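Here is the structure we will look at.
The values are calculated or read from the model by the stated rules, or taken from the named source; none is laboratory data. As the structure is a prediction and not an experimental result, all values here were calculated from the model. In this analysis, Cβ positions are derived from the backbone assuming ideal geometry, glycine residues included, and neighbour counts consider all displayed protein chains.
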Amino acid sequence: MTRLAALLAAGLTAAVLVLSILTLVLTATGLMPLVGTPGATLRAFDAVRGDLLLAVRESLVIATSSTVLAGAIGMSVALVALASPGGSRLLAATTTAPVPVAHIVAAVSFALLLSDAGLANRLSGLDTASWPPLVAGPWPVASVATFAWKESAFVALVVTASLGPAVRDFSEVAALLGAGWRERVRYVLLPLALPALGAACAIVFLFTLGSYEVVWLLGQAYPEPLPVTAYRLFTSLDLQARPQAAAVALTTVGLAMAAAVASVGVLRRSGVSR
């Protein structure tokens, strides 16, 4: 019964995904226009080509930076939690706060913290003109900080849950053989945790690549990341922009699929499937 329910859920998910991608393809190529006569064309891609390259670059910068920071912070928290006797309490204290907070709430909080009139500026004592543009500036500092804070808790939970109580047995055996805390982390905990870390980072990268609300609130007006560009074009009053929105969304899907395939290949070689 459980297997049947899982198959039905997977089938419905696959059907929705395939139909959505097919709709994007037909809309972006002019075969299913809202107005006008259907006809195969790539004018939508040509119309957004210049902005599309900048949007891809902006999305990759945000997703990569957020994933690296979240992975480093989450892995550090997980290793400390697994290696120390009070690790469970430390893990609970560091992950309870970010997990239930919605991303839009986290984005607003970081906007109030890092803006030129925010809390960090007031505590530093700098005037508004001297404060760096961390929110809506040329570099997506606030967006990356928000994603790193939120997703580091997810990484820590995944790594800790994947290792389970067995890692403590390995650590105790290494300690009996004379390994110190650093040796146990380097030769026992870190190799065992790397496959789970890779899987968690792959999920974080794909999520941040397609996330909209954080980068919309904290990012600069131009260039926009892919999700913001697609939503802006989709909600435009000009119906002629709808194929352009589909072209941007289709590019996002293609980029995410390429990243997912690459991640699966790397994770299989690292042994995470075992």
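For this structure, a couple of remarks:
- Residue identified as modelled with pLDDT under 90 and either closer than 23 Å to Y212 by Cα or in a helix (DSSP H, G or I) (or both) among A15, A63, A93: A93
- Looking only at the range 114-134, and only at residues there that are in a loop (DSSP other than H, G, I, E, B) and of a type outside the set (A, V, I, L, M, F, W, C), the one that is surrounded by the fewest Cβ atoms within 10 Å (Cβ to Cβ): G125
- Within the range 246-272, the set of residues being in a helix (DSSP H, G or I) and either in contact with a Lys or Arg (Cβ under 8 Å, 6 or more places away or on another chain) or of a type outside the set (A, V, I, L, M) (or both) comprises T251, T252, G254, S263, G265, R268, R269, S270.
- Verdict on A70 being outside the structural domain of V215 (by TED's automatic domain parsing), surrounded by 16 or more Cβ atoms within 10 Å (Cβ to Cβ) and in contact (Cβ under 8 Å) with a residue 24 or more places away in the chain: no
- Annotation for the range 34-43: at least one member residue is part of a helix (DSSP H, G or I) and either modelled with pLDDT under 90 or closer than 17 Å to G210 by Cα (or both).
- Residues within the range 200-247 that are of a type in the set (D, E) and under 21 Å from the mean Cα position of the chain (by Cα), tallied: 2
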